[in-house]
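Here the structure is laid out as structure tokens; the discussion comes afterwards.
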Amino acid sequence: MISVRPVRLLSNTLRSAVALLAACAALAGCGSRSTAPVPEPSPTGSAAASCAAVMSALPKRIAGLDRSAETANTASWGDPAITLRCGVPRPQGLTSTSRCDEVDAVGWYTEEFTEARRFTTIGRVGYIEVTVPAVHSPAADALVDLAPAVGKMASVTPCQ
């Protein structure tokens, strides 16, 4: 079940600025065609233990796509790949007033870009990021399929 629980939205100008900055970082540096690798997340403490549980519970298929790659804290499905990264830093745009979209009891912070949507967990001991390229629609299908595994990460607070 998908539900949306808006707390209080950031101003459109601030949200646009944050999205633009995040898009530049996510797409390997505005205007540059380089494909700089995204560093492997390296969670610590309780997030590390939770990431191990999440990674071991990941499904072989999500949104109808087979798993195409996996490392200690990342996994991807299909081409262009839907990518999960466990143990990432807190998104810069995530604040106490950010909207929380709940999918099967997992809260997500959503960032929309031209080429993809990026979802980051809210209310867990660590952050899990899922990037869904725009060609995979609806993007929430991946979140539904990932919810049982992502639910292995200890919850601190649910969407409110």
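Of the conditions (1) over 22 Å from A149 (Cα atoms); (2) modelled with pLDDT under 50, L94 fails just one. Which one is it?
Among (1) over 22 Å from A149 (Cα atoms); (2) modelled with pLDDT under 50, the lone unmet condition for L94 is (2).
Got a sec? Which of S34, S50 is exposed (fewer than 10 other Cβ atoms within 10 Å of the Cβ) and either at pLDDT 90 or above or of a type in the set (G, A, S) (or both)?
S34
Can you name every one of the strands (runs of 3 or more DSSP E) wholly within segment 71-110 that holds 3 or more residues which are among the hydrophobic types (A, V, I, L, M, F, W, C)?
Of the strands (runs of 3 or more DSSP E) lying wholly inside segment 71-110, those with at least 3 residues that are among the hydrophobic types (A, V, I, L, M, F, W, C) span 82-88.
Identify the residue in segment 112-134 that is part of a strand (DSSP E or B) and aliphatic (A, V, I, L, M) and, among all such residues, is surrounded by the fewest Cβ atoms within 10 Å (Cβ to Cβ).
Out of the qualifying residues, it is A116.
The values are calculated or read from the model by the stated rules, or taken from the named source; none is laboratory data. Quick caveat: nothing in here was measured; it's all calculated off a predicted structure. Cβ sites come from the backbone with ideal geometry, for glycine too, and all protein chains shown count toward neighbours.
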